[in-house]
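Since every read-out is calculated from the coordinates, none of them should be taken as a lab result. This is a predicted model, so every value here is computed, not measured. In this analysis, Cβ positions are derived from the backbone assuming ideal geometry, glycine residues included, and neighbour counts consider all displayed protein chains.
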Amino acid sequence: MSLDVQALRAEFPILSREVHGKPLVYLDNAATTQKPQAVIDALVDFYSTCNSNVHRGAHYLSDEATRRYEHARTVIAEFIHANAREEVIWTSGTTESINIVAKGMAERLQAGDEVVVTEMEHHANLVTWQQACKHAGAVLRVVPILDNGALDEAAFASTVNSATKFVAMPHVSNALGTVNAVQALIQVVRKQAPNALVLIDGAQGIAHGNVDVQALDCDFYAFSGHKLFGPTGVGVLWGRRSVLEDWPVWLTGGEMIATVSYQDATWGALPNRLEAGTPNIAGAIGIAAAVTWFQQLNVADVQAHEQALLQAAVERGATFEGLKLIGNAPNKIGVYSFNLTGAHPADLGFLLDRQGIAIRTGDHCAQPLMDRLGVPGTARASFSIYNTLDEVELLFRGLEKARDMLA
Ligand SMILES: Cc1ncc(COP(=O)(O)O)c(C=O)c1O
């Protein structure tokens, strides 16, 4: 079986619009994915039929909103194979999820402790740890990548040691598309640094395959709704219950307490203790709708389609004069980062946009990685399930035109 891409496209209203008088070719999916009608309907339905605050069930609507909101948590827990639904903490997105962990860790790290990250981090999983280390006087160790954009796994193994207290790494690199062998890497951590905790930045990994947090054996997995066909402003921090149970509270206020006096307070149980204030109720319901929608698809079909798009781009790009592919690790998702001799990525982005083709240009929130690669930035086309081989071809025709205009 394969994906019925035209039928899928019909579920995404935005894909039928025009930009600058041209049909939209949306190739910026690593920045954010588009939303199917099922997700849009779920958001509208919540606000139209049961908008109310949750966990304050003095009336019917509040009970219904709470039921839907907590059901959304169950949907996510099952999707990522969490051990318990209480391990799913709602956040505003990957960035906030990682910050909750890094801020908590900053209180626990001691001078001389080591935190391990990789050269391919998004700033969200780098600046957080760099600042936590600064706060605690800990050492940030950065595992190098190979020239093809794959992680240097031998260097990873020689970096993790008994001083390692935390390892934070991406499931998939947003700038290169590299898929890290996180399960095997976590086993290395368990063996060489049994007391270390591991966080996987799943911002890019979540929409491209099966995520099973128990099989991975990580301690935290962070992701955003908007990269998974869901709404912006909502995301998830999954944490192992035994770790989350006494994780430092990061936000205090309503909903997260057990008891309060004028002088002191005690914290409630998971998941509420890490979710102060009125949550993004519609967002949680929206992300669950996105997951339910996504689960109708066959993961093998999703992956095969994305690989076909990537392969088409790689083959077409190989004979495109002056084009240099950035990142060709053996295991990668449909992220096609490149540079074109004589053309600044920003100019390419602008000229493609005039042809209705949306890509991302710049450093992709990975400045140190760009330095490591010796480029100021890249142009990046990132593919999703609703993209077509015709759109890949349109990208290259658009690049031909852009190159002619810049010549
Ligand atoms: C690998 C990676 N980590 C973290 C983030 C941050 O995600 P958000 O902006 O949704 O918090 C992104 C966003 O592009 C990303 O690609």
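The table below gives the values:
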quantity: Scan of the stretch 357-407 for residues that are assigned to a loop (DSSP other than H, G, I, E, B) and farther than 16 Å from Arg9 by Cβ, ordered by number; calculated: Ile359, Asp363, His364, Cys365, Ala366, Gly374, Val375, Pro376, Gly377, Ala407
quantity: Any hit, the stretch 353-371, residues being away from the ligand (no atom under 16 Å from the Cβ), loosely packed, with under 14 Cβ neighbours inside 10 Å and farther than 30 Å from Arg68 by Cα; calculated: yes
quantity: Scan of the stretch 85-101 for residues that are within 16 Å of the ligand (Cβ to nearest atom) and part of a helix (DSSP H, G or I), ordered by number; calculated: Thr94, Thr95, Glu96, Ser97, Ile98, Asn99, Ile100, Val101
quantity: Residue within the stretch 268-287 that is surrounded by 24 or more Cβ atoms within 10 Å (Cβ to Cβ) and in a strand (DSSP E or B) present; calculated: no
quantity: Which listed residue, of Gln192, Gln183, is closer than 21 Å to Ser224 by Cα, surrounded by fewer than 24 Cβ atoms within 10 Å (Cβ to Cβ) and touching a residue at least 24 places away in the same chain (Cβ under 8 Å); calculated: Gln183
quantity: Residues located in the stretch 208-252, provided they are within 20 Å of His123 (Cα to Cα), among the aliphatic types (A, V, I, L, M) and part of a loop (DSSP other than H, G, I, E, B); calculated: Val234
quantity: Identity of the residue in the stretch 109-122, touching a residue at least 60 places away in the same chain (Cβ under 8 Å) and not hydrophobic (A, V, I, L, M, F, W, C), that ends up farthest from the ligand (Cβ to nearest atom); calculated: Glu119
quantity: Single match in Ala82, Ala106, Ala42, Ala7 (criterion: outside any helix (DSSP H, G or I), of a type in the set (Gly, Ala, Ser) and away from the ligand (no atom under 16 Å from the Cβ)); calculated: Ala82
